[in-house]
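Scroll down for the structure; my scribbles are underneath it.
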Amino acid sequence: MSDALRFESVSYRYPGALRPALDGVSLTVEAGSFVVLAGGSASGKSTLLAAAAGLVPHAQGGELSGEVEVCGLTIRENGPAERSAVCGYLAQDPETQVLLTTVRGEIAFPLENAGLGPAEVARGVEEVSLALGIAPLLDRGTAELSGGELQRVALAAAMARRPAVLLLDEPTSQLDPVAGDELIWLLRRLNEEWGTTIVLAEHRLERCLAAADRVIALEGGQLVCDAAPSDFLAWAGAEAPPLQTPVAAMWRAAGWTPAPTGVRDARIDLSGRVSRNWSPATSSATLDRRAKPALRLRSVWHELRDGPVLLRALDLTIAPGERVALMGRNGAGKSTLMRHAAGLSEPTRGRIDRGGRVGLLLQDPGAYLLHERVGDEASTAALEAAGLVGYEDRDPRRLSGGERQRLALAIVLDGDERPAVVCLDEPTRGMDRADKAALAGRVAELAQAGTAVLVATHDPEFAARACDRVVLLADGRVIADGSSAEVLGGGWYFATEVARVTNGAALLPDDGAALVAAAEVPA
């Protein structure tokens, strides 16, 4: 079988960087493989994909040594335009990749660029939009889309020409659980039926390990593991615990081996280890709701002229010090609600009461970066709280996705006045598990100081760890509002991986391990 991708002793340093982003990487990916790239923030995953796509060094500058080859095209002799004929690429920030004003035009653009006729272009747009569930968006403007919708449009444009190789950087980071699962299985179908080579960088490995043939892990720009998914989990448990999936972490805490690569295998394995008669998880969170609310939305509507209704008679009250996860499918109204909370949008009907300043972190962290140095973006204290001490002289735009997200949050929180509410819109995009754990700790600190925190997220694990209450939106209205255990325990899509394995009796790995220890059948 021929090689779809080949790296030979590749090192790369971004302009002005002190350390290489890739350091002597050598690997080959056979045609028809499904490969997952794992690693912490700034480990080199995005740079490796950008190099394969020909963007490094052609679009980024910097110093490159070694050789990168995709389907026989080399990085030195063939530029990004030539490589795009065989290689589709989705960047971590889709808002930087979408160029045209309409969804139909964006997806059609690469097909028209390839010289296809009108009928072939129309068919290609129709097929890929149906496959990704975005056919209803075709006549919408790209500026009107939610982050998840924009991500699917950018992915559709990358897939439209049916490239031999698909390079995807965090393709599910802004997708709701249903769309995320559907995307992974669509990629597996492309891989199996069309022989498309998939190379996928992802932090939430539980979404994709069951579909993968192979996992390549990077650390500090170097390859540290290259193995089948089950062998990768064994390595991660011993050498890199933050890279474990939640269920793998639960198995390791329980002292069980081998770790399962997916929910199905976990449930089968668990059935032979324990006698299950468990009660659902409960929540003990209590708040003084007699205090003046930090935020109250009363029958709030937001209707677009000649367009959709984004919020429908929405009622929501958040108390000081409360930590609330806002969940729901793409386009449910989460970002719209947050923009209203912060005063960036005004309701067409209804009323919003605020207990003080409302800070807002939008989905695109790049919108907050104004300077050439990280040290000029926020105070030393804010950078220290974000774990960015030592980054002061770095270019903010050269940071990894997770680092840019942490910097943007530091900018939002910087200042002498404590906000009454902090709204975080998809704050974990591009973050590894260690960064997510640190962010959950930061959320707890804010809540303890009396600030209410509202987090829009598609990540049930983060919601369960960081928040004590979950509000589920659909079609611009609240359809569920309860404790994290109530909302994230008994479901399937809006549930943690551990909850799916334990039927909602536990949400997080340590709780799951304690639960099964008490119910384990003696050997």
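The values are calculated or read from the model by the stated rules, or taken from the named source; none is laboratory data. Worth saying up front: this structure is predicted, and the values here are computed from it rather than measured. We place every Cβ from the backbone using ideal geometry, glycine too, and count neighbours over all the protein chains shown. The accessibility values were calculated without ligands, DNA or RNA, using every heavy atom of the protein model including side chains. Shrake-Rupley method; radii C 1.70, N 1.55, O 1.52, S 1.80 Å.
In the range 353-390, how many residues are of a type in the set (D, E, K, R) and free of Cβ contacts under 8 Å to residues at least 12 places away in the same chain? Let's see the steps before the verdict.
First, the residues of the range 353-390 that are of a type in the set (D, E, K, R): 353-354, 357, 364, 372-373, 376-377, 384.
Of the ones still in play, those that are also free of Cβ contacts under 8 Å to residues at least 12 places away in the same chain are 376, 384.
Summing the residues that are of a type in the set (D, E, K, R) and free of Cβ contacts under 8 Å to residues at least 12 places away in the same chain in the range 353-390 gives 2.
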> Right, Leu362: modelled with pLDDT under 95, within 23 Å of the chain's Cα centre (by Cα), under 19 Å from Phe462 (Cβ atoms) and surrounded by 20 or more Cβ atoms within 10 Å (Cβ to Cβ) or not?
Replying inline: yes
>> Between a residue in the range 87-107 that is assigned to a helix (DSSP H, G or I) and any residue that is open to solvent by 50 Å² or more (accessible area, probe 1.4 Å) and acidic (Asp, Glu), which pairs come within a Cβ distance under 6 Å, given they are 6 or more apart or on different chains?
In response: Glu95/Asp364
>> So if I check each of Gly61, Gly66, Gly124, Gly32, which one is touching a strand residue (DSSP E or B) at 6+ places or on another chain (Cβ under 8 Å) and either part of a loop (DSSP other than H, G, I, E, B) or crowded, with 19+ Cβ neighbours inside 10 Å (or both)?
In response: Gly32
> Filter the range 4-19 for residues that are within 26 Å of Leu166 (Cβ to Cβ) and either among the charged types (D, E, K, R) or in a loop (DSSP other than H, G, I, E, B) (or both); which is most open to solvent (accessible area, probe 1.4 Å)?
Replying inline: Glu8
> Looking at the range 45-69, which of its residues are closer than 18 Å to Leu166 by Cβ, more than 24 Å from the chain's Cα centre (by Cα) and among the aliphatic types (A, V, I, L, M)?
Replying inline: Val68
>> Being open to solvent by 40 Å² or more (accessible area, probe 1.4 Å) and at pLDDT below 90 is the requirement here; does Asp376 meet it?
In response: no
>> Given the criteria assigned to a helix (DSSP H, G or I), touching a residue at least 60 places away in the same chain (Cβ under 8 Å) and closer than 29 Å to Asp364 by Cα, does Leu48 qualify?
In response: yes
>> Can you tell me how many residues within the range 40-58 are of a type outside the set (D, E, K, R), crowded, with 20+ Cβ neighbours inside 10 Å and over 21 Å from Pro110 (Cα atoms)?
In response: 8
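For the structure I just gave you, tell me whether Arg329 is in contact with a helix residue (DSSP H, G or I) (Cβ under 7 Å, 6 or more places away or on another chain) and of a type in the set (D, E, K, R).
Values: in contact with a helix residue (DSSP H, G or I) (Cβ under 7 Å, 6 or more places away or on another chain): yes; of a type in the set (D, E, K, R): yes.
Yes; evaluated as a whole, the condition is true for this residue.
Do we have Ala463 as touching a Ser or Thr at 6+ places or on another chain (Cβ under 6 Å) and either open to solvent by 10 Å² or more (accessible area, probe 1.4 Å) or of a type in the set (Gly, Ala, Ser) (or both) here? Please lay out each step first, then the result.
Values: touching a Ser or Thr at 6+ places or on another chain (Cβ under 6 Å): yes; either open to solvent by 10 Å² or more (accessible area, probe 1.4 Å) or of a type in the set (Gly, Ala, Ser) (or both): yes.
For Ala463, the condition - touching a Ser or Thr at 6+ places or on another chain (Cβ under 6 Å) and either open to solvent by 10 Å² or more (accessible area, probe 1.4 Å) or of a type in the set (Gly, Ala, Ser) (or both) - is met.
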>> Checking Asp353 against (1) exposed (fewer than 15 other Cβ atoms within 10 Å of the Cβ); (2) modelled with pLDDT of 90 or more; (3) farther than 14 Å from Ala294 by Cβ, only one condition comes out false. Which one?
In response: (3)
> Within the set of pairs 6 or more residues apart or between chains, which connect a residue that is over 21 Å from Leu190 (Cα atoms) inside the range 112-127 to a residue that is open to solvent by 80 Å² or more (accessible area, probe 1.4 Å) and part of a helix (DSSP H, G or I) with Cβ atoms less than 6 Å apart?
Replying inline: none
>> Which condition from (1) under 25 Å from Asp432 (Cβ atoms); (2) open to solvent by 20 Å² or more (accessible area, probe 1.4 Å) is the one that Thr102 breaks?
In response: (1)
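Residue-by-condition table, conditions (1) open to solvent by 10 Å² or more (accessible area, probe 1.4 Å); (2) more than 20 Å from Ile318 (Cβ to Cβ):
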residue	(1), (2)
Leu413	yes, no
Ala420	yes, no
Met431	no, yes
Ala480	yes, no
Leu488	no, no
Ala495	no, yes
>> I need a count of the residues in the range 415-435 that are over 26 Å from Ala291 (Cβ atoms) and either part of a loop (DSSP other than H, G, I, E, B) or more than 20 Å from the chain's Cα centre (by Cα) (or both).
In response: 6
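Those residues that are in a strand (DSSP E or B) and closer than 22 Å to Ser173 by Cα, I need them from the range 311-341; list them, please.
Those that are in a strand (DSSP E or B) and closer than 22 Å to Ser173 by Cα: Arg323, Val324, Ala325, Leu326, Met327.
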> With (1) in contact with a Gly (Cβ under 7 Å, 6 or more places away or on another chain); (2) surrounded by fewer than 17 Cβ atoms within 10 Å (Cβ to Cβ); (3) not hydrophobic (A, V, I, L, M, F, W, C) as the list, and Arg252 as the residue in question, which single condition is left unmet?
Replying inline: (2)
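Give the residue, chosen from Arg290, Arg276, Arg264, that is surrounded by fewer than 13 Cβ atoms within 10 Å (Cβ to Cβ) and modelled with pLDDT under 85.
Values: Arg276 fails: surrounded by fewer than 13 Cβ atoms within 10 Å (Cβ to Cβ); Arg264 fails: modelled with pLDDT under 85.
Going through Arg290, Arg276, Arg264 in turn, the sole match is Arg290.
Do we have any residue at all in the range 440-457 that's under 27 Å from Arg264 (Cα atoms) and touching a residue at least 40 places away in the same chain (Cβ under 8 Å)?
Residues of the range 440-457 that are under 27 Å from Arg264 (Cα atoms), as a first pass: 457.
Still in the list and also touching a residue at least 40 places away in the same chain (Cβ under 8 Å): 457.
The answer is yes, given that some residue of the range 440-457 is under 27 Å from Arg264 (Cα atoms) and touching a residue at least 40 places away in the same chain (Cβ under 8 Å).
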> Within the range 20-29, how many residues turn out to be surrounded by fewer than 19 Cβ atoms within 10 Å (Cβ to Cβ) and either out of contact with any strand residue (DSSP E or B) (no Cβ under 8 Å at 6 or more places or on another chain) or under 15 Å from Ala52 (Cβ atoms) (or both)?
Replying inline: 3
>> Scan the range 497-505 and tell me whether some residue there is open to solvent by 10 Å² or more (accessible area, probe 1.4 Å), of a type in the set (Gly, Ala, Ser), free of Cβ contacts under 8 Å to residues at least 60 places away in the same chain and outside any strand (DSSP E or B).
In response: no
> Within the range 10-45, how many residues are of a type in the set (A, V, I, L, M) and without any contact (Cβ under 8 Å) to a residue 60 or more places away in the chain?
Replying inline: 2
